[in-house]
Amino acid sequence: MMKILSRLASRMIVAGVPLCLLMSFVVPYVTLADELPKESVLPLEMANKAIQAALDVCKKDGYRVSVSVVDRDGVLRAMGRSDGAGPHTVDSSRKKAYTAASLRRPTSELADLIAKVPALQALREINGEVLMLGGGLPIEIGGDVLGGIGVGGAPGTHLDDACAQEGLDAIGAAPKVSPAK
C-alpha cells in the first residue's frame, strides 16, 4: 500500500510540475491584459441616429446636405446624403468630421483660430484629410471624444454647425455650438 501511495504521489508531483509551470506563464498574460487601455466606442446605432437628426433639421430648413460620422481615429463610421445634395458635400462632411475628431475641437473654432494666428496656418497641411471649415464637431460623451460629426452643404458654415449640433443633441453628446438666438 505504501508503494502504491508513493507511486501515486510521484505521479502527482510529475503531473503537477508542468501544470505549475504553465500557470506561471498564464498569470502574467492575464495581468498584462488587465493593464491594456479600455476605450469607449461610438455604436453604429448612435452614429446613424446623429446623422438622421442632422439630416432632418437641415431638410426642415431647406438645406440639402451630407452628414458623416467618424470614430475617434477619424475612420468613417456612417454617412448620409440628402436627396439633391451636391457631390462635394460627401467629402466635405467626412473631412469636417475627421478634423473635429482628430483635433478634438469644432472646425469653426479651428478656422477662426488659424485666421487670427497666421503661424497656425500649417494646421491646414497636416494631411489631405483636414478641412478647416465650419460644420464639424467632436462627439464627446462622458468626457471622452468618441468621434466627430460633419455636415456639408448648408448655405453657410454656421448653418452646418447648427445641423451638426442637432446630431449631437440627439445622442446626448456634450454641446459644442451655442444655441441660436
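Please treat every number below as a calculation from the coordinates, not as lab data. Note that the structure is a prediction, hence the values are computed from the model and not measured. Here the Cβ positions follow ideal geometry from the backbone for every residue, glycine too, while neighbour counts run over all protein chains shown.
Quick notes on this one:
- Residue check, residue 109 out of contact with any Phe, Trp or Tyr (no Cβ under 6 Å at 6 or more places or on another chain), free of Cβ contacts under 8 Å to residues at least 40 places away in the same chain and either within 18 Å of residue 157 (Cα to Cα) or hydrophobic (A, V, I, L, M, F, W, C) (or both): yes
- Some residue of segment 115-133 being in contact with a helix residue (DSSP H, G or I) (Cβ under 8 Å, 6 or more places away or on another chain) and acidic (Asp, Glu): yes
- Positions within segment 86-132 being among the hydrophobic types (A, V, I, L, M, F, W, C) and touching a Ser or Thr at 6+ places or on another chain (Cβ under 6 Å), in sequence order: 90, 97, 100, 130, 131
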